[in-house]
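Okay, structure first, notes after.
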Amino acid sequence: METVANPTYIKRKRNGRISIKAGSKSERVIRLTMMLLFVLTVAAFLLFDYTGLELWTAIVETGQNLKVMFFEPALNHFTWAEALYQVGVTLGLAVLSTIIGAVIAFFLALMAATNLSKEWVTKVVRVIVAFIRAVPTVLWVLIFAIAAGLGSEAAVLGMLFHSIAYLVKAFSEAFEEVDKGILEALRATGSSWWHVVIHGIMPSTFTYILSWTFLRFEINFAVAVAMGAAAGAGGIGFELFMASGFYFDLSEVGFITYAILIIAIILEVFSTQLKNRYFPSSVRK
């Protein structure tokens, strides 16, 4: 059996003839999955209860709400100073969970890296962080909200748990990419384990650690906005929840949305500058 350059075609010789079979098992599974999802989507729309639905009225009212929200932003229930304070609270939650998480993740990643730790230690650490990472951040926050009560503590602990698991994977993979020759040369000179980490691992992976940590900070900021209401952690997320769920103030919802968007843009610009400084070659690609 011979294969052609295109992996989706298979040549077979049968009785002196060559036949070409299109497709592969994975492609058939993908097609069947897409067809199933399409059928389920159509069935869901057909089974909806459309009783009393006035489509045109709904479209007009939705457009009016969006107009008020995004073209008439205003603060009606708190001042600019209070708004800045709430944004600061949200950023504080993200910074706290990211910094503590990065420090703890660094030491756990040293144990999770195959070139720095014993095999059984690596497997134990990776299994634990994989379990933590599999549970969404929101669920961890809710778990700690039940255990520790509503407040900023639950939000920080929940984000901290998931941040540690996220960064352990990222850091350990960066550690494993370090040139083996460097580590072997240090060990050959009689360097201790910590000496290898400080002089072999850190110089080669510092930029990666910095980049991954800031990426996690961006994620934690978005999570902190959502958890401001879900866990009672306060911040701009709680004000957004109050404006939309209690005051029904669309103008204030629009203002808070713009404030969150501006912060996100600032973080993205800072992240881009960070990548341009430490990873110029990858950015050009």
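The values are calculated or read from the model by the stated rules, or taken from the named source; none is laboratory data. Being a predicted model, the structure only gives us computed values, none of them experimental. Positions of Cβ are generated from backbone atoms using ideal geometry, with glycine treated the same way; all protein chains shown enter the neighbour counts. Side chains included, ligands, DNA and RNA excluded: accessible areas come from the protein's heavy atoms. Shrake-Rupley method; radii C 1.70, N 1.55, O 1.52, S 1.80 Å.
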For the pair PHE206/VAL103, report the inter-label distance in nm, with labels modelled 7 Å from Cα in the Cβ direction.
1.9 nm
The stretch 225-269: percent of C-alpha pairs farther apart than 17 Å?
32 percent
Return the aspartates and glutamates within reach of LYS169: Cα separation strictly under 19 angstrom, same-chain partners fewer than 8 residues apart disregarded; answer none if there are no such residues.
GLU119, GLU177, ASP179, GLU218
Run the simple label-point estimate for SER192 and TRP80 please: 7 Å along Cα→C-beta, distance reported in nm.
5.6 nm
Difference of contour (0.36 nm per residue) and Cα-Cα distance, PHE214 to THR272
19.8 nm
Expressed in nanometres to one decimal, the distance between label points 7 Å along Cα→Cβ at GLU72 and ILE182 is 6.0 nm
Choose one answer from GLY101, GLY254, GLY181: the residue with the largest mean-square fluctuation in a GNM of the chain with alpha-carbon springs under 10 Å.
GLY181
Here the residues of the stretch 70-96 lying in the modelled label zone of PHE246, meaning backbone nitrogen under 12 Å from a point 7 Å along Cα-to-Cβ, are 77-78
Accessible surface of ASP179 - all protein chains present, 1.4 Å probe, nearest 10 Å²:
100 Å²
Assuming a viscosity of 0.692 mPa s and a temperature of 37 °C, what translational diffusion coefficient in µm² per second does Stokes-Einstein assign to the stretch 105-231, Rh being the Kirkwood radius over Cα pairs?
208 µm²/s
Starting from the Cα-Cα distance between ILE146 and ILE262, subtract it from 0.36 nm times their residue separation and give me the gain in nm to one decimal.
38.5 nm
If MET202, MET159, MET35 are ordered by their accessible area, calculated over protein heavy atoms with a 1.4 Å probe, which sequence runs from highest to lowest?
MET35, MET202, MET159
Given DSSP loops and a limit of at most 16 other Cβ atoms within 10 Å, what is the longest stretch of the chain that contains no such chymotrypsin sites (Phe, Trp or Tyr not before Pro)?
79-245
For the stretch 75-195, report the accessible area per residue in Å² (1.4 Å probe, heavy atoms, rounded to an integer).
54 Å²
Under the helix-only model (-39500 (n - 2.57) for each DSSP H run of 4 or more, divided by the residues of the chain), the mean residue ellipticity at 222 nm, to 500 deg cm²/dmol, is -25000 deg cm²/dmol
Using the C-alpha atoms of the chain, what convex hull volume per residue, in cubic angstrom, is computed?
265 Å³
What's the whole-number percent of alpha carbon pairs in the stretch 114-164 lying beyond 15 angstrom?
51 percent
Using a probe radius of 1.4 Å on heavy atoms only, what accessible surface per residue do you get for the stretch 201-263? Whole Å² is fine.
41 Å²
To one decimal place, what Kirkwood hydrodynamic radius in Å is obtained for the stretch 178-244 from all pairs of distinct Cα atoms?
15.0 Å
Counting only protein heavy atoms and using a 1.4 Å probe, what share of the accessible area of the chain belongs to carbon plus sulfur, as a whole percent?
69 percent
